[in-house]
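Below: the structure, in structure tokens.
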Amino acid sequence: MEFPEDLKYTEEHEWVLVEGDLVTIGITDFAQDSLGDVVFVELPEVGVKVEAGKPFGVVESVKAVSDIYAPVTGEVVEVNEELPETPEVLNTSPYEDGWMIKVRVSDPGELDELLDADEYREFIEED
Amino acid sequence: MLKRTPLYPAHRELGARMVEFGGWEMPVQYRGVIEEHLAVRHAAGLFDVSHMGEIEVKGPQAEAFLQELCINDVHRLVNGQAQYSAMCYPTGGVVDDLLIYRFDGEHFLLCVNAANTDKDFAWIEEVLGDCDFSAVKCRNVSADFAQLALQGPAAATLLARLTDTALERITGYHFYEGLVARVPCIISRTGYTGEDGFELYCHPEAALTLWRSLLEVGGDDGLLPAGLGARDTLRLEMKYPLYGHELSPEISPLEAGLGWITRLEKPSFIGREALLRQQQAGIPRRLVGLALTEAGVPRAGYPVFHQGEAVGVVTSGTLSPSLRQGIAIALVRGDLGRVGTPMEIGIRQRRVAAEIVKTPFVRK
């Protein structure tokens, strides 16, 4: 299981790549492995406001429906349009091809709340 | 404390993801639901179904008792034959669906759903107490049996490598007592996937030997261990009912599309009067197969609409691994059964287009 060092993480199993006030968001390797075969992804549209801790999308495996929670508050500026067409990419490439949305962060202070790779790994191991 | 089947160590070795199901800790998947599902459709899959319950019914009046207890016609069974049936309450609601195995006229074995085993046994004892079948002896013998299901087009070929039993003589819904990998088994040509296949009942202590022998002999031909996840998507593609979803004390077998096993012409069985009344008055709801015509995954509990009006609810739904399309079984208003009828399923905030389709969803 991979936990790239350059990413931040949430306890809801999203990852966040921070580049200034722009962040890219997806679900972790652990999340995709727990879900199993992903068959459906629902993402917001560009321009939608997302709020930290509130769901912004849905991932469905054969067995279950899971909400995806926004790690930060801000506006969606880009969406991975290919993902709903090829949801199985979340299983094969959760950190790269499986990215979900890019958000312009409105409260950079929220980024301090996120876990680093070691903290996230520990969180999973305790769980 | 969850119960574990004798195959629990094998599931751990295989890295299965375990879940709670009907009071049991069971494998939901090994490598992945879709891969296991497709293995069963194209080659073969091996399921641990030891959680299923077994109830033995013996005695001179055993057949007469089962005829009163169950909705199908037990008299049609010959020795060595199995029958799909159900038990109903006097209200017509379903206690459980089950398989009845006839060894002889005084010896039957019922295979019931795991979560219902204790309830079923208590119900059977209650019926026995109320009726004049004092010579009938019922025992919950679930602990005496492990059960493996070998399912798929390659099942017979693979099984033949481990048994001298002439499998071609065991036709559908028949069984034979023989050796498989030197393990004494009831070899039953039954299953819950829509594929050819066998259900093997053996002593719990022999289950690991049987499991490992089957996987060893079939591995090169594409046999995969398959979990409850694939079992559910496979049965759903065939529109086979699952207790707690398509069957319950609130749903009659006529509503559930089990008219074909509901022998109202029998002079008597528990629930007959209620079911006759329902049939005469018109069946209020029916189970239909829905296929989505847009992207989406229907799930149990989602509302179903027709021309804007709420007309029912999804009882089971998934993305069909064979069709790569959302499919659902739904309990809808009784007048809405026609194939091609446009429907909508409420999926979160959207209404997703669907239509009533012929079932099974996947044709063999």
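The values are calculated or read from the model by the stated rules, or taken from the named source; none is laboratory data. Everything quoted here is computed from the prediction, not taken from an experiment. All Cβ positions, glycine included, derive from the backbone under ideal geometry; neighbour counts span all protein chains shown. When the accessible area is computed, the model is the full protein with side chains, heavy atoms only, and any ligands, DNA or RNA have been set aside. Shrake-Rupley method; radii C 1.70, N 1.55, O 1.52, S 1.80 Å.
Annotations
- Qualifying aspartates and glutamates (Cα of each under 17 Å from Cα of residue B:3; at least 8 residues distant if same chain): B:20, B:25, B:48, B:54, B:118, B:144, B:205
- Surface analysis of the protein assembly as shown yields an accessible area of 43 Å² per residue, using protein heavy atoms and a 1.4 Å probe.
- What the phi angles of the stretch A:106-111 give under the Karplus curve with 6.51, -1.76 and 1.60, with θ = phi - 60°, is a coupling list of 9, 10, x, x, 4, 5 Hz, glycine and proline written as x.
- 222 nm mean residue ellipticity, helices alone, for chain B (DSSP H n ≥ 4; -39,500 (n - 2.57); rounded to 500): -6000 deg cm²/dmol
- Here the Karplus relation 6.51 cos²θ - 1.76 cosθ + 1.60, evaluated at θ = phi - 60°, turns the backbone of the stretch B:307-320 into coupling constants of 6, x, 9, 5, 10, x, 8, 6, 9, 8, x, 6, 8, 5 Hz, with x for every Gly and Pro.
- Among the listed pairs B:119/B:266; B:239/B:358; A:8/A:63; B:58/B:239, those beyond 22 Å (Cα-Cα): B:119/B:266; A:8/A:63; B:58/B:239
- The stretch A:1-91: relative contact order as a whole-number percent, Cα under 8 Å and 6+ apart: 26
- A simple spin-label model places the labels of residue A:58 and residue B:338 3.0 nm from each other, with each point 7 Å out along Cα-to-Cβ.
- Toward the positive end of the charge dipole of the stretch B:284-364, with +1 on the Cβ of Lys and Arg and -1 on the Cβ of Asp and Glu, the farthest Cα among B:339, B:300, B:359 is that of B:359.
- Using a simple spin-label model with pseudo-atoms 7 Å out from Cα toward Cβ, residue B:208 and residue A:106 lie 6.0 nm apart.
- Estimated dipole of the stretch B:213-301 in Debye, rounded to 20 [Cβ of Lys and Arg +1, of Asp and Glu -1, Cα centre]: 560
- Note on chain A: dipole from Cβ charges, positive end direction compared against A:92, A:73, A:15; the farthest Cα belongs to A:73.
- Cα centroid separation - the stretch B:53-108 against the stretch B:303-364, whole Å: 33
- Under 14 Å, Cβ to Cβ, from residue B:307 - net charge with Lys/Arg +1 and Asp/Glu -1: -1
- Overall form of the stretch B:221-313: oblate. Here a/c, set by the Cα gyration tensor axes a ≥ b ≥ c, is 1.5 or more, and a/b is not larger than b/c.
- Residue (of A:26, B:215, A:58) at the positive-pole extreme of the protein assembly as shown, dipole from beta-carbon charges: B:215
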